[in-house]
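I have placed the structure first, in the form of structure tokens, so that the comments after it can refer back to it.
Just so it is clear, none of the values below were taken in a lab; they were calculated from the coordinates. Here the structure is a predicted model, which is why all the values come from computation and not from measurement. Quick reminder, even Gly has a Cβ in these numbers, built from the backbone with ideal geometry, and neighbours come from all protein chains shown.
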Amino acid sequence: MPRVSVVIPVRDDADHLRRCLAALAVQTRPADELVVVDNGSRDDGADVARAAGAVVPSEPVPGIARAASLGYDTATGDVLVRLDADSVPPPHWIATALDLLAEPAVVAVTGPGRPLGHGLAVRALWDVLYMRPYFALMHSALSRPPLYGSAMAMHRSTWLAVRSRVHRDDADVHDDVDLSMQLDPAWPVLLDPSLTVGVSARPFSSLPSAALRTRRALHTFRVNGRRASPTRRWARRVRAAVRAAAHAPRPLAWWCSR
């Protein structure tokens, strides 16, 4: 039975964190370890995490990439679950993620978000204007589904294979997109609606918020250079599929050594 560590970066988000930790406390398959990274919070988020039994490493330099990376490095589980402080996973979430990760060769799994505390109209707009376009556009760019930082899980070995290449010191990268780009395009990543989590509607909070997210996404592609090239990624994916069909797979370490 794999050990599961849940990693949650948090900065001045204690109220959302309480709700997230409460949802984790009623999982049908509980986490073995909670790692809540305090990213320079000025509220009582760290105390909330400790009260829930979490390990609370501190990353005083603001930046979700730094905080998330410290969380993955600190975690001791065989499977690393990543949630945001405003994520509210349903009770079956961890159990479902483990079932999906049991599929041969799957290195990571992810699911979409659904806004909490809003009516049907907002949920419909969220799906049509944000979630579906995000996964479709990122899939076309990455040659497979992207990891969504509010709802993802990966084998520890996946993180260890790419940890030296993530741009953890760049506060302007989208950490989940950046992590997605470090994974070999030939590695299977599953997107499954059963891993949907509740989230806040922050991307719709204001035009500046949306503009900031767009700017960070474009920056993440720029700093990854050739590794972010859709043409190169799709070519790698197709070559791997052809080799698999011929029963001669190339070692998965190939992309990591580039």
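Assorted remarks:
- On full extension, the segment bounded by Leu120 and Val106 gains 1.6 nm, given 0.36 nm per residue less the C-alpha separation.
- Of all DSSP-defined beta bridges confined to the chain, some 30% are antiparallel rather than parallel.
- One decimal place: the segment Thr231-Ser194 gains 10.3 nm when fully extended, by the rule 0.36 nm per residue minus the C-alpha distance.
- Top of Arg236, Arg202, Arg11 by mean-square fluctuation, Gaussian network on the chain, Cα under 10 Å: Arg202
- Cβ-derived FRET efficiency at R0 22 Å, Val223 paired with Ser140, nearest 0.05: 0.65
- Here the gap between Ala25 and Met1, fully extended at 0.36 nm per residue and compared with their Cα-Cα distance, gives a gain of 6.7 nm.
- As a calculated quantity, the FRET efficiency between Arg202 and Val61 at R0 = 25 Å, using C-beta atoms, amounts to about 0.70.
- Scoring 95-101, 53-59 by mean Cβ neighbours within 10 Å over their residues and listing the highest first yields 95-101, 53-59.
- If R0 is taken as 30 Å, the Cβ-Cβ distance between Asp15 and Ala171 corresponds to a FRET efficiency of 0.80.
- The phi torsions of region 89-97, fed into the Karplus equation with coefficients 6.51, -1.76 and 1.60 and a -60° offset, translate into couplings of x, x, x, 8, 4, 5, 4, 5, 4 Hz, rounded to whole numbers, with Gly and Pro shown as x.
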